[in-house]
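To start, the structure under review is shown below, and the notes come after it.
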Amino acid sequence: MARVDAIVLGAGIVGTSAALQLARRGLAVAQVDRRGPGEETSYGNAGVIGGAGVYPTPFPRRLGTLLRVALKLSPEANYHLSALPRLAPWLWAYFRESHPARLEAAARALRPLMARSVAEHEALAREARAEQFLRKNGWISVYRTDAAFKALAPQLELGAELGVRFRTLDVAGARALEPGLAPVFRHAVHWPDIASVSNPFALTRAYAARFAELGGVLLRGDARSLHRNGRNWRVDTAEGPVDSPEVVVALGPWSVDVLAPLGLRLPLAVKRGYHRHYRPRGTARLERPVVDAEIGYVLAPMEQGIRLTTGAEFAARDAPPTPVQFRRLMPYATALFPLGEPVEAQPWMGARPCFPDMRPVIGRTPGQPGLWLDCGHNHFGLTLGPVSGRLLAEMMTGEAPFCDPAPFAAERFAA
Ligand SMILES: Cc1cc2nc3c(=O)[nH]c(=O)nc-3n(C[C@H](O)[C@H](O)[C@H](O)COP(=O)(O)OP(=O)(O)OC[C@H]3O[C@@H](n4cnc5c(N)ncnc54)[C@H](O)[C@@H]3O)c2cc1C
């Protein structure tokens, strides 16, 4: 039986970053996962670091959009009818949190984390000798209609107030940055401080390798074996049981599997998403990720090809994949950029772990001494992994937290 200073459950980008941040502070850390680092949700994201702009990703509130989604005509979202009764309370809470005033509050609460997200990745990537995966040339959002671009105004105003840099572009300006884009849009915004990665899986593995260099161990095991053992927590692993006074739950979409048996019911749901790589036709290139904002997909240049990622699918986490959004969005995507043959036979699927207020939970678990939470990073887990890990490690080791952790406390769901 081994005893360590901290156990981290989960080896996605969030758990790996937390484990590394703790190991950097001199703690003996054991990480437990049933798979290798970064093989689940963290494998397949769009690789964008720094958020999508200023706001997190809201529930659509325009009637036209809602109708298109309801009729399954919209490329940006899909749903399983059978999942809706269980999801209804969560969807209602998400809808309320997407009211413009609440959305602005969420953006303000997230800003300290977002503002440090690139710098924290840079610090870890430097140590992990993984800087070759980081690109620092921003990302571009394109708008096909004047109405959609005009609707961006409050977000840009808030961005200007919060110090988020952006540059609005006409078609020629956008094509000067990305000549491969066809002029099927009318407006664009370049967000220069947003970074991106060319292989999110390799980045997570590099952070995991750095964690191992610092003496951290990754053990195979089922996190659901977590239980109290006297004053410690215990997890059973392939190497035998491990005990620790401190445990971090960083299991992304599976966090509820460990928390519910302990009596902790957090409103965590998933927004599933898909990706597929395509070879560019001819000599076409993309230098940075591009989001087709109204259609709801991202084209991101990756080592494997141009990664097309879809928007949300509201379905049970473990239901079989239904990648119908590709059929709806491919005409738009191929018109915007010359996508050629797909690289894989089937799309990849992942599940974004989401709280309705679009913020993660980072901090103590109410009523469970020594149990810490770092989960629910929704559309921004790659972005926020290292910075959340830092905030958590500061709280766990008694350092002064670099920002106020209150907006991320689990207690906000207690009412
Ligand atoms: C299509 C798509 C595009 C995205 N694009 C972006 C983007 O551009 N930028 C961005 O910042 N974010 C993006 N995201 C979101 C981001 O990928 C996620 O927020 C993030 O990967 C969540 O990381 P995680 O470590 O919390 O979860 P995961 O990566 O899922 O890790 C959880 C780990 O827990 C382990 N686990 C689960 N159950 C058990 C168990 N019982 N026992 C042991 N281990 C267990 C799993 O094996 C896994 O390794 C995107 C997501 C999707 C789906």
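The values are calculated or read from the model by the stated rules, or taken from the named source; none is laboratory data. Being a predicted model, the structure only gives us computed values, none of them experimental. Cβ placement follows ideal geometry from the backbone for every residue including glycine, while neighbour counts extend to all protein chains displayed.
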Per-region count, segment 211-254, residues hydrophobic (A, V, I, L, M, F, W, C), over 27 Å from Arg352 (Cα atoms), part of a strand (DSSP E or B) and more than 13 Å from the ligand (Cβ to nearest atom): 1
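With under 19 Å from the mean Cα position of the chain (by Cα), modelled with pLDDT of 95 or more, surrounded by 20 or more Cβ atoms within 10 Å (Cβ to Cβ) and under 26 Å from Arg102 (Cβ atoms) as the only criterion, which of Leu299, Leu382 stands out?
Details: Leu299 fails: under 26 Å from Arg102 (Cβ atoms).
After ruling out the rest, the residue left standing is Leu382.
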Any hit, segment 256-278, residues being acidic (Asp, Glu) and closer than 29 Å to Phe59 by Cβ: yes
Per-region count, segment 18-45, residues near the ligand (Cβ under 8 Å from one of its atoms) and buried (at least 24 other Cβ atoms within 10 Å of the Cβ): 7
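Conditions tested, residue by residue: (1) farther than 22 Å from Tyr297 by Cβ; (2) outside any helix (DSSP H, G or I).
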residue	(1), (2)
Thr57	no, yes
Val69	no, no
Lys72	no, yes
Ser82	yes, no
Arg86	yes, no
Leu91	no, no
Ala109	yes, no
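Does segment 357-378 include one or more residues that are of a type in the set (S, T, N, Q), part of a helix (DSSP H, G or I) and over 19 Å from Val69 (Cα atoms)? Even if it seems obvious, please write down each step before you answer.
Within segment 357-378, the first condition is being of a type in the set (S, T, N, Q), and the residues that meet it are 365, 368, 378.
Adding the requirement that they be part of a helix (DSSP H, G or I) leaves 378.
Retained after the next criterion (residues that are over 19 Å from Val69 (Cα atoms)): 378.
Scanning segment 357-378, I find at least one residue that is of a type in the set (S, T, N, Q), part of a helix (DSSP H, G or I) and over 19 Å from Val69 (Cα atoms), so the answer is yes.
Of the residues that sit in segment 181-200 and are hydrophobic (A, V, I, L, M, F, W, C) and within 25 Å of Asp146 (Cα to Cα), which one is nearest to the ligand (Cβ to nearest atom)?
Restricting attention to segment 181-200, the residues satisfying the condition of being hydrophobic (A, V, I, L, M, F, W, C) are 181-182, 184-185, 188-189, 191, 194-195, 197.
Imposing the further condition that a residue be within 25 Å of Asp146 (Cα to Cα) reduces the set to 181-182, 184-185, 188-189, 191, 194.
Values: Leu181: 19, Ala182: 23, Val184: 22, Phe185: 20, Ala188: 18, Val189: 16, Trp191: 13, Ile194: 10 Å.
Result: Ile194.
I need the full set of residues from segment 291-341 which are in a helix (DSSP H, G or I), in contact (Cβ under 8 Å) with a residue 24 or more places away in the chain and of a type in the set (Lys, Arg), in order please.
Across segment 291-341, the qualifying residue is only Arg328.
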Contacts under 7 angstrom Cβ, first residue in segment 90-111 being within 20 Å of Leu162 (Cα to Cα), partner basic (Lys, Arg) and outside any helix (DSSP H, G or I), 6 or more apart: Ser98/Arg61; Ala106/Arg359; Ala109/Arg359; Leu110/Arg359
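In this structure, does Ala345 turn out to be of a type outside the set (Asp, Glu), away from the ligand (no atom under 16 Å from the Cβ) and at pLDDT 95 or above? Please lay out each step first, then the result.
Working: of a type outside the set (Asp, Glu): yes; away from the ligand (no atom under 16 Å from the Cβ): yes; at pLDDT 95 or above: yes.
Yes.
Quick check: anything in segment 56-73 among the small types (Gly, Ala, Ser), surrounded by fewer than 24 Cβ atoms within 10 Å (Cβ to Cβ) and within 30 Å of Ser198 (Cβ to Cβ)?
Keep residues of segment 56-73 that are among the small types (Gly, Ala, Ser), which gives 64, 70.
When the remaining residues are screened for being surrounded by fewer than 24 Cβ atoms within 10 Å (Cβ to Cβ), the result is 64, 70.
Okay, now just the ones that are also within 30 Å of Ser198 (Cβ to Cβ), so none.
No.
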Matching residues in segment 255-270 - criterion: being surrounded by 19 or more Cβ atoms within 10 Å (Cβ to Cβ), outside any strand (DSSP E or B) and within 11 Å of the ligand (Cβ to nearest atom): Ser255, Val256, Val258, Leu268
Subset of segment 28-47 (residues that are within 30 Å of Asp292 (Cβ to Cβ) and either among the β-branched types (Val, Ile, Thr) or modelled with pLDDT under 95 (or both)): Thr41
Which numbered condition Arg317 fails, given (1) farther than 28 Å from Ser141 by Cα; (2) surrounded by 17 or more Cβ atoms within 10 Å (Cβ to Cβ); (3) not hydrophobic (A, V, I, L, M, F, W, C): (2)
